[in-house]
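*Asks:* Can you keep this structure in mind? I'll have questions shortly.
Each value in this text was obtained by applying a stated rule to the coordinates, not by laboratory testing. Bear in mind that the values here come from a model prediction, so they are computed numbers and not experimental data. All Cβ positions, even for glycine, are placed from backbone atoms using ideal geometry, and neighbour counts span all protein chains on display.
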């Protein structure tokens, strides 16, 4: 049996099998990856140059590796002149080897793994590999690597999740409630209109003597928003229908109200431009924008939506968290787009169904859903 080809999950397993089948005289002819497996061809025939017999009687990958290196390094013509490397002092060789190893470690630390096939799960747990297996993107793992590199697996995971929570949470999330005009944007079905009602209810509780109104901004001349009108009756607050053709100056003239929370039908192509004009006219001290994203949003939806409204500098409200959980890939997309989470919300109720985001709250959510500690139990908000 001079030639054999084996297929295995990883290189070490393949070489062990070749050793079993061909013995210590085996020489590797080729190694390739095929369908996620390692395909290795070996032979006992001499390949080009004769190899010295193995000096080690141990079995397995380590012994075969040593045998291969002996065969390569010892093959020199009998009368060949000694090389410069062979004349070097042993200490010099050792110092060079140490430098090479250090350089390789530096390179490995900065590597971004894009394909985890063939990585041996029996190896000691690596923070980066395990977090990528959990679904966090290579990009965010690269961006935050200084927070967890060099620490043990458990501590590395904890430090990564802490760094991610810090990056994602708006540092002053509650300041959105100080804006006189709060626009709520987002695609249909993201909990946008319900978020308008929740913000209005929170404003009413915080400012019981102030005048608060619900608004709907849609189309050129405004259309009736029946859902918003229903919320208005529930909260005993007036609801005003506005259109994109409403002059910017008119928003500044709405002095009968202390606060207005406006549901923006964001699918209209002119919606973002209109809000930019209002924000430019009234100033950011008066105007704030909340972008609703459901917990079930895909990473591509997150990236597209955040980029579309980025000129408005919105804070993000994660919605429907009592119906679904936001996964690592989605949190990665939020972090990569520099989204700032200000609110976390469920769908069960308008009253007391939203909380302001903080590092501690988001870190709790991350730990309960994605950490190496214990089982994954979704965190719910507003659940009855």
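*Asks:* Among 330-341, 298-309, how do they line up from the highest to the lowest mean number of other beta-carbon atoms within 10 Å?
*Replies:* For the peptides 330-341, 298-309, the packing ranking is 330-341, 298-309.
*Asks:* If you count the DSSP beta bridges with both ends in segment 168-370, what percent of them are antiparallel, to the nearest 5?
*Replies:* 10
*Asks:* Given points 7 Å out from each Cα along the Cα-Cβ axis, report the residue 149 to residue 41 separation in nanometres with one decimal.
*Replies:* 3.9
*Asks:* Let me ask you something else. So for each of 315-328, 266-279, 156-169 I average, over its residues, the number of other beta carbons within 10 Å; can you give me the resulting order with the highest mean first?
*Replies:* 315-328, 156-169, 266-279
*Asks:* Determine the relative contact order of segment 168-370: mean sequence separation of Cα pairs under 8 Å and six or more apart, normalised by residue count, in whole percent.
*Replies:* 28 percent.
*Asks:* If neighbour count is taken as other Cβ atoms inside 10 Å, put 202, 177, 195 in order from fewest to most.
*Replies:* In increasing order of surrounding Cβ atoms, one gets 177, 202, 195.
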